[in-house]
């Protein structure tokens, strides 16, 4: 695969760069595969996406350089923010008054998942800091993937709603803890206050940015129609602005969008 890419890069030099062409073709192939698989087998389209991604990885497709920086990182954060804003809009905080066990269930399954992944990786002789990071990430269940499956299977009902809530909450926990852990990687303090401080900063900054975003959206909806395309553009641009601000001040862009949706 590396040799093919090298030969291709010698005579093809697009303005946006060769990785842009590669990712565009890969996404196009994944979309076609997902559609065909869902049409002829009834399986969710995400299965086709996963097959194409797996084959591309096994073939040596490297894609963008990691870790992401600049525009690529911003676009990733914006995409996650939009997904969490959409999924978070379905959850009303007062809903937990009538379903408190859902919140307890989400906490229990997230903690048990993190603990199980951590100790399995330690049993496999993975370094403690790596095992901790993977365990925190493993807590999250993708609301985007679940929403895609719900749409493809036309699922509806209380079980579906509970699953969407649980996936959104698990992502909320993972984003908070991963963002806080990333902020404390270069600190040597082990006191409880020093451990909780990054969590408080992430939650506080994200809540402030999310509150300002929600206030701006509510003010706009007073004189704009929710069904208007201009409202959609306003929504995306405000989420983009909140994404940039939250990341700049030490918060989490997806968490800010999640707070805005709840408000």
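Listing for the model above:
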| item | result |
| --- | --- |
| Residue among 136, 166 that is more than 19 Å from residue 46 (Cβ to Cβ) and in the same structural domain as residue 102 (by TED's automatic domain parsing) | 136 |
| Close pairs from the stretch 228-251: first free of Cβ contacts under 8 Å to residues at least 12 places away in the same chain and assigned by TED's automatic domain parsing to the domain that holds residue 216, partner part of a helix (DSSP H, G or I) and surrounded by 16 or more Cβ atoms within 10 Å (Cβ to Cβ), Cβ under 7 Å, at least 6 apart | none |
| Selection status of residue 126, at pLDDT 80 or above, more than 27 Å from residue 49 (Cβ to Cβ), part of a helix (DSSP H, G or I) and over 18 Å from the mean Cα position of the chain (by Cα) | no |
| Pairs with Cβ under 6 Å, 6+ apart, first in the stretch 205-225 and farther than 13 Å from residue 250 by Cα, second modelled with pLDDT of 80 or more | 213/238; 216/238; 220/234 |
| Filter pass, residue 145 being at pLDDT 75 or above, touching a helix residue (DSSP H, G or I) at 6+ places or on another chain (Cβ under 6 Å) and surrounded by fewer than 17 Cβ atoms within 10 Å (Cβ to Cβ) | yes |
| Qualifying positions in the stretch 96-110 - without any contact (Cβ under 8 Å) to a residue 60 or more places away in the chain, within 18 Å of residue 174 (Cα to Cα) and in contact with a helix residue (DSSP H, G or I) (Cβ under 9 Å, 6 or more places away or on another chain) | none |
| All positions within the stretch 148-157 that are surrounded by fewer than 15 Cβ atoms within 10 Å (Cβ to Cβ) and assigned to a helix (DSSP H, G or I) | 151, 153 |
| Test for residue 140: is it in contact (Cβ under 8 Å) with a residue 12 or more places away in the chain, in a helix (DSSP H, G or I) and buried (at least 17 other Cβ atoms within 10 Å of the Cβ) | no |
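The values are calculated or read from the model by the stated rules, or taken from the named source; none is laboratory data. A quick note: this is a predicted structure, and the numbers were derived from the prediction, not measured. Neighbour counts run over all protein chains shown; Cβ positions are idealised from the backbone, glycine included.
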